[in-house]
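Structure record follows, encoded as structure tokens.
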Amino acid sequence: MPAAQSKMDALVTFTSVVANFATVGALLYMIQQMNKPARGDDFASAVRQSRSQSRLEPAANLGEDVMVKKGKDKPEVIVRASSPGAKDVIIRDSPEAVEAMKKVFTRLCSSSRELLSVDDVLKVHNLLGEPVDEKESSDMLKFFGAKDAKELVVTFDMFIRWWSALHDSTADPQGYYSQERYRQRFKVLQSRLKDPNTARITTYAEGDPTSRRYRVHFTQDGCHLSPWHDVPLKNSDGSFNFICEIPKWTRKKFEIATGEDLNPIKQDVKNGVLREYKWGDMLFNYGCFPQTWEDPKVISEETGCPGDNDPIDVIELGTRQRPTGSITRVKIIGLIAMIDADETDWKVLTIALDDDRAPNIQDLSDLDAHMPGVTAALTHWLRYYKTAEGKDENKFGCGGKPQGAAFATRIVEETHEAWKKLLADRKSEGSLRRVGSSTIATV
């Protein structure tokens, strides 16, 4: 009995302890509920916290109706409603991206009133590679309240609203149009419009792209141009104009036809066959600088070989693929002294000014720092690409070492002077012709 009594006492004690714990827990829960704010207070508190973490600031260079919301998250640009019943437009991009849009808009304005026509907006779409169909053109007239496509009625605020409505994120589940990388295309277009004269140069293709008759022609204000002679080498800001012949990730060997009038771009032909690189696709955008010439009568001290009778070749190392015939503002960062079939064949290394890495790359040393191994990969590609056709490896001058920006710029300037002499010689021979703004000279 004593043992049974002892067990009973222990059980009672344990039960009492558990009950006490339960009571304490219930009291704590009641206290917590009493201190918890009501649902409305909770929402108001969250709003106050959100406001304390973000703030609205005027957007520099974007007008008084544009604000930037800054906080712990990514900044947003807010275009305030300018008419009754309209809603604010929220753009989830950096102010810099929207400012690029603003600069494109301003450069297309033909008057100080900062107004565009529907035709101007259509031009923006075409330049960005987004041609608009007839229905969208009709919708655009209604959206802007324009009587016709020539009427100047489109403000920047209206342009932003049109663009945001056309690229509605609710119809974009992958978030492509709502991401800043998409609007960065305006940065590329802004760069193209930097120089008004160059910005007016356009191209059109003629013939079947798979045939020997295919050509890419250059025009400006309705007049044909020579990309070799009429596109300026340099811009007012000191940058150089790169003409892309072969886009990166492709292998068709397009080149400026130096032996044809107005020098359109064509695919090279050998033994009656259109040429392609057998080694593989280009790792870079490839083309030339206009108004340059590698004189075949001049022996280079650095290579011991004469020039190859062509405009100087250019490699553009940016991240974007550039179309055939496109003109891109670039900076010079280096040069590779290639020797092809005992001819000097300079390869100027450049990067587009609108590339994200361009601000950090000024010279060859910066290139190796930000793109490790790229110069070695370029030299390897240039050395061996012809071996796929059963030919020997290419050789290199300057001890086989790529050279920096200063050396490269000097070589480019020398080829520019050689080009000037070429035109002077053609003029004295009577073989140089000018038709309007077009220059006709061949080699």
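The values are calculated or read from the model by the stated rules, or taken from the named source; none is laboratory data. Computed from a predicted structure; not experimentally measured. FYI the Cβ positions are ideal-geometry reconstructions off the backbone, even for glycines, and counts take in every protein chain you see. Keep in mind that these areas ignore ligands, DNA and RNA; they rest on the heavy atoms of the full protein, side chains included. Shrake-Rupley method; radii C 1.70, N 1.55, O 1.52, S 1.80 Å.
Karplus-based coupling profile of region 408-417, in residue order and whole Hz: 4, 5, 4, 5, 4, 4, 5, 5, 5, 5, with θ = phi - 60° in 6.51 cos²θ - 1.76 cosθ + 1.60 and x standing for Gly or Pro.
When the charge dipole of region 302-375 is built from unit charges on Cβ atoms (+1 for Lys and Arg, -1 for Asp and Glu) and taken about the Cα centre, the candidate among I339, V314, A352 whose Cα reaches farthest toward its positive end is A352. Between R433 and A388, the modelled label-to-label distance comes to 3.9 nm, taking each label 7 Å out from Cα in the direction of the beta carbon. Each label point was placed 7 Å from the Cα along the Cα-to-Cβ direction; for E206 and C109 their separation is 3.9 nm.
Amide H contacts for E276 (H built 1.01 Å from N in the peptide plane; partners 5 or more residues away or on another chain; cut-off under 5 Å): K253. Each residue of region 377-388 is assigned a 3J(HN,Hα), and the resulting list reads 5, 5, 4, 4, 4, 5, 5, 10, 4, 7, 5, 5 Hz, derived from the Karplus form 6.51 cos²θ - 1.76 cosθ + 1.60 (θ = phi - 60°), x at Gly and Pro. These residues, W293, W163, go from largest to smallest accessible area, 1.4 Å probe, as W293, W163. Near the amide H of D310, within less than 5 Å, lie the amide hydrogens of E294, all on another chain or at least 5 residues away, with H placed in the peptide plane. Bridges between two residues of region 307-390, per DSSP, are antiparallel at a rate of about 65%.
When the solvent-accessible surface of protein heavy atoms is calculated with a 1.4 angstrom probe, in what order do K253, K103 fall, highest first? Walk me through the intermediate numbers first.
Details: K253 35, K103 90 Å².
These residues rank, largest area first, as K103, K253.
Couplings for region 256-266, taken from phi via the Karplus curve 6.51 cos²θ - 1.76 cosθ + 1.60 with θ = phi - 60°, read 5, 7, 5, x, 10, 4, 6, 6, x, 8, 9 Hz in order; Gly and Pro are left as x. Distance between the C-alpha centres of region 244-316 and region 220-237: 18 Å, rounded to the whole angstrom. Accessible surface of M338, taken over heavy atoms with a 1.4 Å probe and every protein chain present, rounds to 0 Å².
Computed extension length for K123-T250: 43.0 nm, one decimal, from 0.36 nm per residue of separation with the Cα-Cα distance subtracted.
The largest accessible area among C223, C305 belongs to the first residue in C223, C305, and the rest follow in falling order (1.4 Å probe, all chains).
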